[in-house]
Amino acid sequence: MTVLRPFPPVPRSTTRSYATARTPGPTSRFYKTFTRPVAKVLLVAVFTYQVVYWAWVKLDADEHRRKTDAEIADLEARVTALDKARKADVETKDAAKPKKGWW
């Protein structure tokens, strides 16, 4: 009895097929398509954040420096005024004292 085959036998491929040889899924296609643009956007966002943060820190430091310099100038002026007042007071007390001495 002969077996009738409706189709001729399919020749076997000489290459092996592995699980990774499938067509890419939607997720891998998305990442292959959008990896570079997403990376560029993230890089620009981080760079922009760093520039804005640096500018904010610089402005904050300048403001702090201005306040400190103003406070130091005020304190120096007060010290100078108190020193002049103390010297004037000492001079008036010295002038008011009668001099004791044999010469």
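What follows is calculated from the coordinates using simple rules that are stated; it is not laboratory data. None of these values were measured; they are calculated from a predicted model. Glycine gets a Cβ as well: all are built from the backbone with ideal geometry, and neighbour counts include every protein chain shown.
A crude spin-label estimate for the pair Lys97 and Ala73, with each label 7 Å from Cα along the Cβ direction, gives 3.9 nm.
Enumerate lysine pairs in region 54-99 that are 8 or more residues apart or on different chains, then count those whose Cα atoms are under 30 Å apart. List each step's numbers first, then the result.
Details: Lys58/Lys67; Lys67/Lys84; Lys84/Lys93; Lys84/Lys97; Lys84/Lys99; Lys87/Lys97; Lys87/Lys99.
Close lysine pairs under the 30 Å cut-off: 7.
Spacing of the modelled spin labels on Trp54 and Lys32, each 7 Å from Cα toward Cβ, amounts to 3.9 nm.
Candidate cross-link partners of Lys40 among the lysines, defined by an alpha-carbon separation under 21 Å and a same-chain spacing of 8 or more, comprise Lys32.
Given a Förster distance of 25 Å, report the FRET efficiency between Val44 and His64 from their Cβ-Cβ distance, rounded to the nearest 0.05. For Val44 and His64, the calculated efficiency is 0.25. Give a quick list of trypsin sites (Lys or Arg not before Pro) in region 26-103 that DSSP marks as loop, anything other than H, G, I, E or B, with at most 14 other Cβ atoms within 10 Å. Answer by residue number: Lys99, Lys100.
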